[in-house]
Amino acid sequence: MAIDKIFPNPTVIKVIFQIRFPNLFFIQDRIGTLQSKIMERFPDSELLIKTQFTVGEIIGPEDKFENVFRTHRDKFMEGQSASAIKSWRFKSENNVILNISSDSLDLSSETHKSYDKESGNSFRDIIEFTINNFLDVTNIPIILRIGLRYIDKCPFPEDSKIFKSYYNSVFPFSRFKIEDTKDMNFRIIVKRKETFLRYMERKVVIDDKPYLILDYDSYAEKIKSNNYLKITDNLHENIANEYEKTIKEPIYEIMNKKEE
């Protein structure tokens, strides 16, 4: 069954898009220009700073950690020491989060329920808007890695027969009974033409209730920047195809039910 609609009760809980690129030494000087281009969709912004230091190199036997940390912090504020990693975070009104650093950009959303079915506001539209503006400001010719990830939280019937009617699972239930399992986790990375797919199934317990987490991460490496959207569409196709191979009719029925 091809997924060609937006379900009222979909299993997806989070979708993430990321690109990685060579370290851009000029990113801080151009982030303001990028901000002005994306401000209409990402009005909220903040600067994040992380500091790095090696504890073993600066703490002697007589030093107290809190004193060393305070000294290190003060020197950082004075520009004398410490390695600072800057990143910029932007947020849309519907809580899509954009993070940018000198070597990566990622978008994450817990509100989008489809890739390209929401006209004008699909996750694909957000990707295209953001990356087009980013490339316009940075002019980078190559992207080292493009990744698209979907995380789905699905029902977990603790009965082998029912579970098999819900999913085409990779778990070895012919050897281990589902009723006896406390923890389950499976992960594999496979090549799909010029792309890769990381597929993961795992059982989690939330508020004493079990769920099956389906985690799909498809990616490609060393892409010409002007080809990024076509590659992203291919990554989504990888994920969609694998999801359709995993779920069965009862899951479609559950997704078609409106939340009460």
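Taken as a whole, the stretch 174-184 holds no residue that is among the β-branched types (Val, Ile, Thr), in a strand (DSSP E or B) and surrounded by 16 or more Cβ atoms within 10 Å (Cβ to Cβ).
How many residues, within the stretch 92-117, are farther than 20 Å from Ser225 by Cα and either surrounded by 16 or more Cβ atoms within 10 Å (Cβ to Cβ) or in contact with a Cys (Cβ under 9 Å, 6 or more places away or on another chain) (or both)? Matching residues across the stretch 92-117 total 9.
Give me a count of the residues in the stretch 198-238 that are closer than 28 Å to Leu105 by Cβ and among the aliphatic types (A, V, I, L, M).
Of the residues in the stretch 198-238, the ones closer than 28 Å to Leu105 by Cβ are 198-200, 202, 213-238.
The next check asks that each one be among the aliphatic types (A, V, I, L, M); those that pass are 200, 213-214, 220, 223, 229, 231, 235.
The total comes to 8.
Scanning the stretch 139-153 for residues that are surrounded by 17 or more Cβ atoms within 10 Å (Cβ to Cβ) and in contact with a helix residue (DSSP H, G or I) (Cβ under 9 Å, 6 or more places away or on another chain), we see that the one that is farthest from Thr181 (Cα to Cα) is Ile143.
Restricting to the stretch 223-232, count the residues that are surrounded by 15 or more Cβ atoms within 10 Å (Cβ to Cβ) and part of a helix (DSSP H, G or I).
The number of residues fulfilling the criteria is 4.
Within the stretch 154-165, can you find the residues that are crowded, with 17+ Cβ neighbours inside 10 Å and touching a strand residue (DSSP E or B) at 6+ places or on another chain (Cβ under 7 Å)? Result: Cys154, Phe156. Within the bounds of the stretch 213-221, is there any residue that is over 16 Å from Ile19 (Cα atoms), crowded, with 20+ Cβ neighbours inside 10 Å and hydroxyl-bearing (Ser, Thr, Tyr)? Yes, some residue in the stretch 213-221 is over 16 Å from Ile19 (Cα atoms), crowded, with 20+ Cβ neighbours inside 10 Å and hydroxyl-bearing (Ser, Thr, Tyr).
Where a number appears in this text, it was derived from the coordinates with a stated rule and is not lab data. Model, not experiment: these values are computed from the prediction. Note that we place each Cβ from the backbone using ideal geometry, even for glycine, and neighbour counts take in every protein chain shown.
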